[in-house]
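Trainee: The structure's right below; bear with me while I get my questions together.
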Amino acid sequence: LACYGGRFEAGLDAQGAQVTDDAFLSAEGEHRFHASVPVSLRCADIGGQLACNGGRFEAGLDAQGARVTGDVFLRAEGEHRFHASVPVSLRGAEIGGQLDCNGGRFEVNEGNALDLQEAAVKGTFFWWEVEADVQTVVFDSAHVGQLFDDAKSWQQLRAMELNSFTYDSLDGTALDPALRLEWMKKSGQGRPFEPQPYQQLAKVL
């Protein structure tokens, strides 16, 4: 499924699609993929990778419940950043490789910038050099093999939901326990105290 550099102004609905190989909703050279309408990959089954490198999504990217055998890329590509001005949902998705948000921009006025609730990422989740305008990310009950991140990318966020979020290892620049405790302070705001995120961090450190 190749939509390199495509422009969609009236919808892109691939809900429940079965793609044996890769799906490309990405930039190509100077041309970026641009959707000014909702893009749905809900419950799609993708046998390769889902590449949204450098894509611009202005009305939603819904991959809730999708199954991706390979990697998912929501990252910068050359001069183009992945840019979402509406929520990105990977809730309940199964990703057999990595989830790479390196250099992405999440600019969401309302709702969750990124929703990974109950998602499973077998490989590494990269949250590195991300631009996120004081929004919320949801990782409740999600699991990633490794979390690779930097402190600055988290500090821009208003809040996070980390209850029952698990990871097997940590890497990146935010390994200092003091920085991680600052990370934790953004979790569960407005909810009763949740000990699990602290227990998970202590276990991995």
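The values are calculated or read from the model by the stated rules, or taken from the named source; none is laboratory data. Bear in mind that the values here come from a model prediction, so they are computed numbers and not experimental data. Using ideal geometry, Cβ is built from the backbone for each residue, glycine included, and neighbour counts are taken over all protein chains shown. We work out accessible area using only protein heavy atoms, side chains counted, and drop any ligands, DNA or RNA first. Shrake-Rupley method; radii C 1.70, N 1.55, O 1.52, S 1.80 Å.
Trainee: Residues to consider are Glu58, Glu118, Glu77; find the one that is surrounded by fewer than 23 Cβ atoms within 10 Å (Cβ to Cβ) and modelled with pLDDT of 95 or more.
Mentor: Numbers: Glu58 fails: modelled with pLDDT of 95 or more; Glu77 fails: modelled with pLDDT of 95 or more.
That would be Glu118, the only listed residue that is surrounded by fewer than 23 Cβ atoms within 10 Å (Cβ to Cβ) and modelled with pLDDT of 95 or more.
Trainee: Residues in region 163-180 that are more than 23 Å from Ala119 (Cα to Cα) and either part of a loop (DSSP other than H, G, I, E, B) or in contact (Cβ under 8 Å) with a residue 12 or more places away in the chain (or both): how many?
Mentor: Applying the first criterion (more than 23 Å from Ala119 (Cα to Cα)) to region 163-180 yields 173, 175-179.
After this cut, where a residue has to be either part of a loop (DSSP other than H, G, I, E, B) or in contact (Cβ under 8 Å) with a residue 12 or more places away in the chain (or both) as well, the list is 173, 175-177, 179.
Number of matching residues: 5.
Trainee: Of the residues in region 108-122, how many are within 13 Å of the chain's Cα centre (by Cα) and part of a strand (DSSP E or B)?
Mentor: 6
Trainee: Can you tell me which residues in region 123-142 are in a loop (DSSP other than H, G, I, E, B), crowded, with 19+ Cβ neighbours inside 10 Å and of a type in the set (A, V, I, L, M)?
Mentor: Within region 123-142, Val130, Ala142 qualify.
Trainee: Which of the following residues is open to solvent by less than 20 Å² (accessible area, probe 1.4 Å), farther than 25 Å from Gly123 by Cα and of a type in the set (Gly, Ala, Ser): Ala44, Ala66, Ala27, Ala35?
Mentor: Checking each option against the conditions leaves just Ala35.
Trainee: Now for a separate question. Might you let me know whether region 143-162 holds any residue that is within 18 Å of the chain's Cα centre (by Cα), farther than 15 Å from Leu116 by Cα, in a helix (DSSP H, G or I) and of a type in the set (Gly, Ala, Ser)? I'd like the intermediate steps shown before the answer.
Mentor: Of the residues in region 143-162, the ones within 18 Å of the chain's Cα centre (by Cα) are 143-162.
Next cut, farther than 15 Å from Leu116 by Cα only: 148-158.
Now drop any that are not in a helix (DSSP H, G or I), which leaves 151-155.
If we keep only those that are of a type in the set (Gly, Ala, Ser) too, we end up with 151, 153.
Yes, because at least one residue in region 143-162 is within 18 Å of the chain's Cα centre (by Cα), farther than 15 Å from Leu116 by Cα, in a helix (DSSP H, G or I) and of a type in the set (Gly, Ala, Ser).
Trainee: If you go through region 85-115, how many residues are at positive phi and either touching a helix residue (DSSP H, G or I) at 6+ places or on another chain (Cβ under 7 Å) or at pLDDT 95 or above (or both)? Walk me through how you get there before you give the answer.
Mentor: Taking region 85-115 as the starting set, the residues that turn out to be at positive phi are 92, 103, 111.
Narrowing further to those that are either touching a helix residue (DSSP H, G or I) at 6+ places or on another chain (Cβ under 7 Å) or at pLDDT 95 or above (or both): 92.
Here the count works out to 1.
Trainee: I've got another one for you. Considering each of Phe165, Phe125 in turn, give the residue that is in contact with a Cys (Cβ under 9 Å, 6 or more places away or on another chain) and not charged (D, E, K, R).
Mentor: Details: Phe165 fails: in contact with a Cys (Cβ under 9 Å, 6 or more places away or on another chain).
Unique residue meeting the criteria: Phe125.
Trainee: Could you tell me whether any residue of region 168-184 is open to solvent by 60 Å² or more (accessible area, probe 1.4 Å), in contact with a His (Cβ under 9 Å, 6 or more places away or on another chain) and either over 27 Å from Glu107 (Cβ atoms) or not small (Gly, Ala, Ser) (or both)?
Mentor: yes
Trainee: Okay, moving on. Here are Asp71, Asp13: which of them is out of contact with any His (no Cβ under 8 Å at 6 or more places or on another chain), at pLDDT 95 or above, farther than 25 Å from His143 by Cβ and surrounded by fewer than 24 Cβ atoms within 10 Å (Cβ to Cβ)? Write out each step before concluding.
Mentor: Numbers: Asp71 fails: farther than 25 Å from His143 by Cβ.
Of Asp71, Asp13, the one residue that is out of contact with any His (no Cβ under 8 Å at 6 or more places or on another chain), at pLDDT 95 or above, farther than 25 Å from His143 by Cβ and surrounded by fewer than 24 Cβ atoms within 10 Å (Cβ to Cβ) is Asp13.
Trainee: Something else: How many residues does region 153-167 contain that are surrounded by fewer than 18 Cβ atoms within 10 Å (Cβ to Cβ) and closer than 14 Å to Glu129 by Cβ?
Mentor: 2
Trainee: Check Gly97, Gly111 and return the single one that is in contact with a Pro (Cβ under 9 Å, 6 or more places away or on another chain), within 22 Å of Phe165 (Cα to Cα) and surrounded by fewer than 20 Cβ atoms within 10 Å (Cβ to Cβ).
Mentor: On the way: Gly97 fails: in contact with a Pro (Cβ under 9 Å, 6 or more places away or on another chain).
Among Gly97, Gly111, only Gly111 is in contact with a Pro (Cβ under 9 Å, 6 or more places away or on another chain), within 22 Å of Phe165 (Cα to Cα) and surrounded by fewer than 20 Cβ atoms within 10 Å (Cβ to Cβ).
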